[in-house]
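K.L.:
After the structure tokens below, expect a handful of questions from me.
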Amino acid sequence: MKRKIVFIGTLIIILISSSISGICSIKSITYEGKYELIKYAYSILDLSFGKETKFFQINPQVDNYDNLFITLMCNKKIRACQSGKTDSNNSQRIKLDIKEAVVKCINDKRFGGILSEEEVNDAEIVFTFLFNKKQIYGDLDDLEERIELGIHAIEIENGDKKAYFKESVPITKNYSLKITLERLCEKANLDKNCYVDPGTKIFIYNTITFKGDRKNRILDLYRYNTLINLDEINNELLFKRITLAKTWFINNINNKTKRLQYMYYPSLDKYSSANNHVRQLATLWSITKLKNFFQDSSFDDLIKETLNYYLDHSVRTGKNYSYIMIENEAKLAYSAFLILSLLHVSDYPDNNKLLTSLAKGIISLQNDDGSFNTYFVSERNTGIDYYPGEAMLALMKLYNKTRNKTYLDSVYKAFHYYKEYWRKNKNTAFIPWHTQAYFLLYNETKDPGIKDFIFEINDWLVNRYQIRNDIYKDKIGGFPQNNPRNSTSSYLEGIADAYLLARNTGDNFHLIKYRKAIRLGVRFIILTQYTEDNAFYIGNQKRTLGGFRHSLISNIQRIDYTQHAIMALMKIYGNKALD
């Protein structure tokens, strides 16, 4: 006769507290206190399966909370989630709630059926305390200001109907706030737009979360992620994270096209059918850099297939230059990233001829005032803040290889135009590409105006857009301040060169400033990378691990998120900015 098992591999316990007297006790739980709570839950779990176990007593008295949840996980998957319902005045409430929640989890069939005894042996336990219950008001825009996804638990109440989500739900499901509220309304058996009903009350709770396993490892979770201290950010960690990202690229190659998948949705385990050729080519460049970084031949087929595909779209003109035409578009950026890639694949057939032809094509788009048109055979001129900077970087890299002064002169001429352009059209997208190009230009010309402009634009970026302090500590270091996300990596690619320029020129003020910005930014970037510690709720970890997410609250993975991240990390690793 089969015995029903209570535990699903990972046990997650969430405690919710609303009263002021409970806040201190929750926040003061020590490492030892967390250990005892976890061991107590394991005792209940094992006893439910008839196993011999030492029954742990709970010394820390966690009281005045609203509810206790236990989520069981096994083999990196959620297997059950239940709560305790003991009266809040009961002096033994925490023990009784743990017992009730664990026992109910045993028979929770929602996440793959009832737990087996074998699964219990691999159990992890995560405690999440929710406290400081507060009612909030307003329309969706107001709620966006008051609800922090991944931090706040949310409750909806309308008449005798109510429901709530733990703070983990928007993170694990990849829900926006609007979708979170709609799903919560549906959970309460209300219309999905009930959150706009004047009769609906909305409450939030603060949260504290930690998890443990049978090997007595305790790990604090913040936004269902693992925080990293600034003093942990060093070159050794960077190397590990770059190595991990390498595997993500290898694991996300399309079996049919032999090229990279463009976008992946971890919560759905699905790839997007969309594509973006500029980002594909930019990622190709990063992979050629990765290949050389590791001296790793595992990328050879991917590089070859991708180069072949895009060069098959090459158009050769009577003026002895070429460009890439894809889907009736011939963007300047295509030529730029092919040059940057080919510079790292010297054994590709006709490499030098291709580089020369593509470079001539770029220069053919330069106007008398120094600006570049951004498309071939078209009057269209979008991408002004991106494509010219990418093209100039390609020309400077090519100049460094060939010493062909035509390339240097082209970039120098463009510099004077784009310096004034940016001052009249200040924006962040312009800065990283132009910084990287002008850093190389300065190394050749030693023009102090170039150095000053690099510092001007990066000072503006860091001063106005990087988060230096925030109530939500995982946001610190991110760009921009109102919505920190993957673009932080792009900005760090430029700041890393600005830092090196400050070091090379003995500018101690900017050296210190940019080093701090880099350390904070790297910490933020790394928090968006999936590792075994923070991907425990993802079903298909082979596709996910090593890749970088859109943000702290959106787990969408796109090739350019990881491309920019590893390019920044490799550059900072090489610059030794964290030593």
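Read the figures in this text as sums done on the coordinates, not as results from a lab. Owing to the predicted nature of the structure, the values given are computational and were not obtained by experimental measurement. Note that we place each Cβ from the backbone using ideal geometry, even for glycine, and neighbour counts take in every protein chain shown.
K.L.:
Using helices alone, what [θ] at 222 nm do you get for the chain, with -39,500 (n - 2.57) per DSSP H run of 4 or more residues, divided over all residues and rounded to the nearest 500?
P.N.:
Here the helix-only value at 222 nm equals -15000 deg cm²/dmol.
K.L.:
Moving to a separate point now. Which semi-axis lengths, in whole Å and largest first, follow from the square roots of five times the eigenvalues of the Cα gyration tensor of region 123-239?
P.N.:
Calculated on Cα positions only, the semi-axes equal 32, 16, 12 Å.
K.L.:
Still on this structure, please answer the following. Which one, (1) 28.6; (2) 25.7; (3) 30.2, gives mean projected area of the Cα convex hull in nm² as derived from the coordinates shown?
P.N.:
(3)
K.L.:
Could you work out the percent of alpha carbon pairs in region 387-536 separated by over 20 Å, rounded to a whole number?
P.N.:
So the pairs more than 20 Å apart make up 50 percent of the total in region 387-536.
K.L.:
Taking the Cα centre of the chain as origin and charging only Cβ (+1 Lys, Arg; -1 Asp, Glu), how large is the dipole, in debye to the nearest 20?
P.N.:
Around 760 debye, computed over the chain.
K.L.:
Which one of Leu238, Tyr499, Pro448 is farthest out on the positive end of the charge dipole of the chain, using unit charges on Cβ (Lys, Arg +1; Asp, Glu -1) and the Cα centre as origin?
P.N.:
Farthest towards the positive end: Leu238.
K.L.:
Relative to the longest principal Cα axis of the chain, at what angle does helix 448-465 sit, 0 to 90 degrees, rounded to 10?
P.N.:
Roughly 20 degrees, rounded to the nearest 10.
K.L.:
What relative contact order, as a whole-number percentage, does the chain give when Cα pairs under 8 Å and 6 or more residues apart are counted?
P.N.:
13 percent
K.L.:
Using per-residue counts of other Cβ atoms within 10 Å, averaged over each peptide, order 501-510, 447-456, 563-572 from highest down.
P.N.:
Peptide ranking by packing, descending: 563-572, 447-456, 501-510.
K.L.:
Hey, got the dipole for region 473-579? About the Cα centre, +1 on K and R Cβ, -1 on D and E Cβ, debye to the nearest 20?
P.N.:
140 debye
K.L.:
Then there is this: Dividing the convex hull volume of the alpha carbon atoms of region 408-452 by its residue count, what do you get in Å³ per residue?
P.N.:
Considering the Cα atoms of region 408-452, their hull volume per residue is 66 Å³.
K.L.:
Between Glu420 and Arg380, what length in nm is gained on full extension when 0.36 nm per residue of separation is reduced by their alpha carbon distance?
P.N.:
Contour length minus the Cα-Cα distance gives 12.2 nm.
K.L.:
With just the Cα atoms defining each centre, how far is region 276-306 from region 317-390? Give it in Å.
P.N.:
Spelled out, the Cα-based centre of one part sits 19 Å from the other.
K.L.:
Could you pull out every one of the aspartates and glutamates with an alpha carbon less than 17 Å from that of Lys571, ignoring same-chain neighbours closer than 8 positions?
P.N.:
Leaving aside aspartates and glutamates fewer than 8 places away in the same chain, those within reach of Lys571 are Glu236, Glu390, Glu493, Asp497, Asp560, Asp579.
K.L.:
Here is a follow-up. Roughly how many Å is it from the Cα centre of region 455-499 to that of region 213-274, as a whole number?
P.N.:
21 Å
K.L.:
Same structure, new question: Which lysines have a Cα less than 27 Å from the Cα of Lys178, not counting those fewer than 8 places away in the same chain?
P.N.:
Candidates past the 8-residue exclusion: Lys77, Lys133, Lys134, Lys161, Lys162, Lys166, Lys187, Lys192, Lys201, Lys270, Lys473, Lys475.
K.L.:
Could you name the aspartates and glutamates in cross-link range of Lys353, using Cα to Cα under 12 Å and dropping any fewer than eight places away on the same chain?
P.N.:
none
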